[in-house]
Amino acid sequence: MTIKYRNGWWKIMGITLGCKCEKCGYGFAANLGFGFLYHVAYCEAVTKMKEGNLGEQGKEFFEAFPDGAISCEYIVVQCNECGKLMNVPKLDLYVPKDGYDASKQNNNTRWSVAFSGNGYDYVSPCDLDRHYDLFEQYNHRCTSCNGHTSVVEGFTDRTDDSIDRHVQCPECKSIMKIYFCGHWD
Ligand SMILES: [Zn+2]
Ligand SMILES: [Zn+2]
């Protein structure tokens with residue numbers, strides 16, 4: 001399964017990366033990027049946000065921008081307090097560019113057949129790039145201690161050699177190497 005992504009590159013949907021601590025045995029694996037069920041994940045996330053189940057930030061955003069959109073690409077964040085690793089949808093908040101009216105789009109072109117997205121009102125990653133501007137990054141909070149989190153750059157599907165593929169073990173604080181596990185969809 002591929003989708004058309006930035007700069008015209010065709011890209012495989014998602015990859016799985018993992019890490020294992022050689023010192024204490026802690027293990028973690030995460031799905032990154034865009035899965036086949038992107039439209040389902042998108043709708044679930046927006047619904048939760050509007051209901052306030054993902055914090056005030058998402059709720060207030062959709063109250064202010066009913067035609068707003070989100071990025072549902074999967075990433076990994078680490079708690080700044082307790083070190084917990086979490087595989088989450090990015091949920092960055094986007095607003096339509098000036099003059100772009102999503103409601104005037106033809107549903108048949110918005111929802112590509114390949115996505116089987118009919119019935120789900122979502123903005124595809126391609127449309128997000130083209131027609132939306134980043135409004136605000138989403139502040140993920142730790143599900144254990146409610147601490148603030150940071151994105152772990154090493155957990156990304158970009159094939160960029162400059163990315164540091166290491167992360168700190170939440171249990172014993174030693175440094176773990178991030179490795180490729182496979183594809184997911
Ligand atoms: Zn925490
Ligand atoms: Zn460890």
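Readers should treat all values here as calculations from the given coordinates under stated rules, not as data from a laboratory. Given the structure is predicted, the values throughout are model-derived calculations rather than measurements. Counting neighbours? That spans all protein chains shown, and the Cβs are built from the backbone with ideal geometry, glycine included.
Quick check: the distance between the Cα centres of the stretch 73-100 and the stretch 115-183, to the nearest angstrom?
Taking the Cα centre of the stretch 115-183 as reference, the centre of the stretch 73-100 is 6 Å away.
Between V151 and Y100, what is the label-point separation in nm under the 7 Å Cα-to-beta-carbon projection?
About 1.7 nm separates the two model spin labels.
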